[in-house]
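Here's the structure, in structure tokens; my notes come after.
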Amino acid sequence: MHRQNYQDILAQVQTPTRYAGNEINAVKKERDQVDLTFALVFPDLYEIGTSHFGIQILYSILNSQKNIAAERFFTPAPDMEKLMAQKNIPCLSMESQQELSSFDIIGISLLYELNFTNILTLLSLSHIPFYANQRDDSFPLIIGGGPCAFNPEPLADFFDAFVIGDGEEVIKLIANQLIVFKKEGDGKKKSLLRLLSKIEGVYVPSFFTPEWDANGIQTLTPLYEDYTRIKRAFLPTLSLDNFPMDPIVPYAKPVHDRLRLEIARGCSRGCRFCQAGMIYRPVRERSVEDLLKIAKFSLKSTGYSEMSLLSLSTGDYSNLPQLMQQLLAMNQGQCNSISLPSIRAEKLTPELMELIKTVRKTGFTIAPEAGTQRLRDIINKNLTEASISATVENALELGWKNIKLYFMMGLPFEEQADIEGICRLSTQLAVAHAKGKKGITVSIASFIPKAHTPFQRHSQMTLEQTHEKLQYLKDNLRHKKIKLKWQDPQMSLLEGVFARGDRRLGPLLVAAFENGCRLDGWTDKFNFRLWQKAFDDTGIDPLFYTSRPRGQEEPLPWDHLDSGVTDAFLRKEFQKAKEQALTPDCREDDCTGCGVCDFKSIQPILHDGQVIPQGSDAIASPPRLLPDDAFCKFDVLFSKLDRARLFGHLELATIVERAVKRAGLVVKYSQGFNPSMKISFENALPLGMESEEETLFIFLERGTRPDQIKDALNKALPTGLNVLDCRHHSKFRQQDTTRSAYHVRLSAPCLDQAAIDQFMALDEFTVEDRSKKGKIRITDLRQSVQAITLLDETGIEMVLQQYNTRNIRPTEVLTKYFKIDEALIKTARIKKIKQG
């Protein structure tokens, strides 16, 4: 019942979840064939979560075990949430539409503090109690992991356990422990949690009792003598075993719509504000050979045309020129592109610069972070003004049109001269380098102290201070080549509260959720007034967590979590910040003594000077570059039925292009710097419409057999899209393409024969609208309608003729003459009928 209602709702809501689990490379398993079901939850919209690399890794690892079924959940958009709540439909998995509460484990990604209310949205819709102590043994085990798990205390009362650190190995240990427990355990969750607490990297918050002193400072008392401090889980090396070689390919356009190659994990530069740079140490690079094997396999399995190199500092990768050279060689003739977000000036060797000239240019980012050298030294940002200027100059000369500069305000020991320095440096760069159509975007964010960093005890500036500094930047950063962007100061305040919060924030989160807070990380959804009410209702002062400096002896909520970086190192780094003293990069200098490496199992993994063996299957084969006359045009007839009706036309075009690449067909591309596949559609079907037969035109290698094309495409296309026939193109089409017949099935009776007869008796019925180019156009709908046949009280068949070469759709006639409500039109099933 739930699943059927859910599919009905999907048709009403314009959200990418309308494709639910039908994506390329999604894994579906029968529940009675597995020992464990694992729900992977990303608490944000599908567009954000579906391409997140971490969830792709866990999905691949878990589903690689035959006895585990991992399925995905995302936060529904507000319109979907409202409909689901009205119809009492719980959150259902993408793959099999199973209820969230029916899974053995729920694993929630914790990437951003402003996603926390989204977690409660998912639990609320699924009728799962928020607080762990209110869930009996029949409910799933709920665990969380990600950067926010390095201070999970604000969420501690909601979760059964957290994973601290790299999750690849831990997730398998947890899953396999639960499989054994289901067969041999006593069924008590506390017994299970005791077993899980033996796994390195697993934190069970209920095994620590919180207390608060007279000043409101939280301390934790462990329940077990052998479980007092949780050591972060480390993945010693990045291997092929844990890489998602077959990542899910979404049909809607996500934020990162490309193949993502994690070339390295960790950063050794030691920026004192950066949590990621501390908690992901040490640097571990993937070998060039492994990366090329991944790219070669994954481009084939996904059909992607673009890939990005993923790392905290891409330019620091030891073998970047060799990697780029091989990836570009692999892409010749395939029209793939490589996204290269940022390269430091000192890394731009002549060899690398020549390679970059051939890369498609998207955005190029430089993060000076501070406006003066004094403050950059304080935060250990080893960038000089000369280096920043050289990087901007080189990037613009290499073809980038826009440079993004990231700065922070409110950094420790900041002075007014540092804010003025942002204006001065940005303006100097714009004057010197932003010529013609080139420009600079300056992005401003508030400094937010994070756990396990040298600045973890420093105060965060108040809202008043933030607004004052931001206003100064607005007033003084006014160059015509500079565009200023900034983060909402109120969002930064809230992020700061939860970043260093304790368990008293649990009731605050619930109060905010009950007030209506949803999708707080989205500026158009964020409502600070509702959060202020939640603070008032719970009696919590946000300034206690943000603007209050913490003394060196004050216990911190995360003191029991060992990130690997020692407290002594963090204190030393804070002192060096006071002294404006730099700490060198340990990959280029001696060990800085942060405490992470034991130089046995945990140590930096670099691949400097790696040589790929001759004959390795990672090396790209020489591409076959064919002349234009090596291709010929084919007509491909296909149907678009059932759930495929929910593909928009642009999405359909991308789906077909990727299917062509997965099918291994040799296709022709246009000329120019950004070549595109030579493919076109006879008609652009609107979203929601089915068709028994459509035609697309494509140029493929001469000599390819039509039946070969048909079979190859059908193996690569998703359910609902099916190639009916393929033939060599002919200029002489026997089929009348100006006339189309449609079958319309409405969800409620709203037409009768008298109304149809009245319309058909008209001489004309004109309507006025605007074309996509804004021009007013007059359309005679009556002249376009050849026939309307009433099949029954909810079904009609309509035959339409083009009007002045414009395709008329049944929905126009139904809404503009018959005045059928838009809500009924959205739920109607409309099918274009194959002509005889």
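The values are calculated or read from the model by the stated rules, or taken from the named source; none is laboratory data. As the structure is a prediction and not an experimental result, all values here were calculated from the model. Glycine gets a Cβ as well: all are built from the backbone with ideal geometry, and neighbour counts include every protein chain shown. To get the accessible areas, we keep the full protein, side chains included, count just its heavy atoms, and leave off ligands, DNA and RNA. Shrake-Rupley method; radii C 1.70, N 1.55, O 1.52, S 1.80 Å.
Within segment 643-695, list the trypsin sites (Lys or Arg not before Pro) lying in a DSSP loop whose Cβ has at most 16 other Cβ atoms in a 10 Å radius. All intermediate terms of the calculation are to be shown ahead of the outcome.
Numbers: sites: Arg643, Arg645, Arg658, Lys661, Arg662, Lys668, Lys678; in loops: Lys668, Lys678.
Counting only loop positions with at most 16 other Cβ atoms within 10 Å, the trypsin sites (Lys or Arg not before Pro) in segment 643-695 are Lys678.
By how many degrees, 0 to 90 and rounded to 10, does the Cα axis of helix 567-578 deviate from the longest principal axis of the chain?
Approximately 90 degrees, to the nearest 10.
State to the nearest 20 debye the size of the charge dipole of segment 413-485 about its Cα centre, where the only charges are +1 on K and R beta carbons and -1 on D and E beta carbons.
Roughly 700 debye, rounded to the nearest 20.
Let a ≥ b ≥ c be the square roots of the eigenvalues of the Cα gyration tensor of segment 119-212; is it rounded (a/c under 1.5), or, if not, prolate (a/b larger than b/c) or oblate?
Numbers: a/c = 1.41, a/b = 1.11, b/c = 1.27.
Because its axes are fairly even, with a/c under 1.5, segment 119-212 counts as rounded.
Evaluate the charge dipole of segment 130-274 about its Cα centre and quote only its size in Debye, nearest 20, assuming +1 on the Cβ of each Lys and Arg and -1 on the Cβ of each Asp and Glu. Working shown, then result.
Values: 18 positive and 19 negative charges, 70 e Å.
Result for segment 130-274 is approximately 340 debye, rounded to the nearest 20.
Just the number please: accessible area per residue for the chain, 1.4 Å probe, all protein chains included, in Å². Don't skip to the answer; put the middle values down first.
Numbers: 35310 Å² over 836 residues.
Spelled out: the 1.4 Å probe surface of the chain, per residue, equals 42 Å².
Mind grabbing the base-10 log of I(q)/I(0) for the chain at q = 0.11 Å⁻¹? Debye formula, identical points on the C-alpha positions, no solvent, two decimal places.
-1.45
Can you compute the modelled spin-label distance between Arg529 and Ser601, with each label point 7 Å from Cα toward Cβ, in nm?
Calculated label separation equals 5.5 nm.
Leaving out ligands, DNA and RNA, what percent of the accessible area of the chain is carbon and sulfur, probe 1.4 Å? Each step should come with its number before you reach the end.
Numbers: 17620 of 35310 Å².
Here carbon and sulfur together make up 50 percent of the probe-accessible area.
For the Cα atoms of the chain, what angle does the longest principal axis make with the long axis of helix 53-63, in degrees from 0 to 90, nearest 10?
80
Where does the chain land at 222 nm, in deg cm²/dmol rounded to the nearest 500, when only DSSP H runs of n ≥ 4 count, each adding -39500 (n - 2.57), divided by all residues? Walk me through the numbers before you get to the answer.
On the way: 26 runs with 257 residues, N = 836.
Per the formula, -9000 deg cm²/dmol.
Where the Cα atoms of segment 463-505 are projected onto their three principal axes, how long is each span, largest first, in whole Å?
Here the Cα extents, ordered largest to smallest, are 48, 18, 11 Å.
On a C-alpha basis, how far is the centre of segment 642-663 from the centre of segment 114-140 in Å? Whole number, if you could?
Taking the Cα centre of segment 114-140 as reference, the centre of segment 642-663 is 36 Å away.
Once the other residues with Cβ under 13 Å from the Cβ of Ala684 are scored (Lys, Arg +1; Asp, Glu -1), what is the net sum?
Numbers: positive: Lys640, Lys772, Arg806, Arg809, Lys832; negative: Glu651, Glu682, Glu694.
Residues near Ala684 contribute +2 overall.
Can you find, among Gln708, Thr805, Ala754, the residue farthest towards the positive end of the dipole of segment 694-836? Put +1 on the C-beta of Lys and Arg, -1 on that of Asp and Glu.
Gln708
Which of the listed residues, Gly501, Phe526, Phe544, is farthest toward the dipole's positive end in segment 438-568, when Lys, Arg count +1 and Asp, Glu count -1 at the beta-carbon?
Going by the Cα projections, it comes out as Phe526.
In whole angstrom, how far apart do the alpha carbon centroids of segment 242-287 and segment 741-795 sit?
So the separation of the two Cα centres works out to 53 Å.
Just check segment 112-161 against the gyration tensor rule for me: Cα atoms, a ≥ b ≥ c as the square roots of the eigenvalues, rounded for a/c under 1.5, and otherwise prolate or oblate depending on whether a/b exceeds b/c.
oblate
From largest accessible area down, sort Trp558, Trp212; use a 1.4 Å probe on the protein chains. Provide the component values of the computation, followed by the final result.
Working: Trp558 5, Trp212 105 Å².
If we order Trp558, Trp212 from most to least accessible, we get Trp212, Trp558.
Enumerate by residue number the chymotrypsin sites (Phe, Trp or Tyr not before Pro) in segment 406-465 meeting two conditions: DSSP loop (anything except H, G, I, E, B), and at most 16 other Cβ atoms within 10 Å of the site's Cβ. Intermediate results must be reported in sequence, preceding the final value.
Details: sites: Tyr406, Phe407, Phe413, Phe447, Phe455; in loops: Phe413, Phe447, Phe455.
The qualifying sites are Phe413.
Using Cα pairs under 8 angstrom and six or more residues apart, how large is the relative contact order of the chain, in percent? Working shown, then result.
Numbers: 1552 pairs, mean separation 95.9, N = 836.
For the chain, the relative contact order is 11 percent.
Tell me the angle of helix 489-499 to the major Cα principal axis of the chain, expressed in degrees between 0 and 90 and rounded to the nearest ten.
Helix 489-499 sits roughly 60 degrees off the main axis of the chain.
Taking the dipole about the Cα centre of segment 22-170, with the C-beta of Lys and Arg at +1 and of Asp and Glu at -1, give me whichever of Ile57, Phe74, Asn22 is farthest to the positive side.
Among Ile57, Phe74, Asn22, the one farthest towards the positive end of the dipole of segment 22-170 is Asn22.
Show me the trypsin sites (Lys or Arg not before Pro) within segment 382-450 that DSSP assigns to loop and that have at most 13 other Cβ atoms within 10 Å of their Cβ. Numbers along the way, then the final one.
Working: sites: Lys401, Lys404, Arg424, Lys435, Lys437, Lys438, Lys450; in loops: Lys401, Lys435, Lys437, Lys438, Lys450.
For trypsin sites (Lys or Arg not before Pro) across segment 382-450 that sit outside H, G, I, E and B with at most 13 neighbouring Cβ atoms in 10 Å, the list reads Lys435, Lys437.
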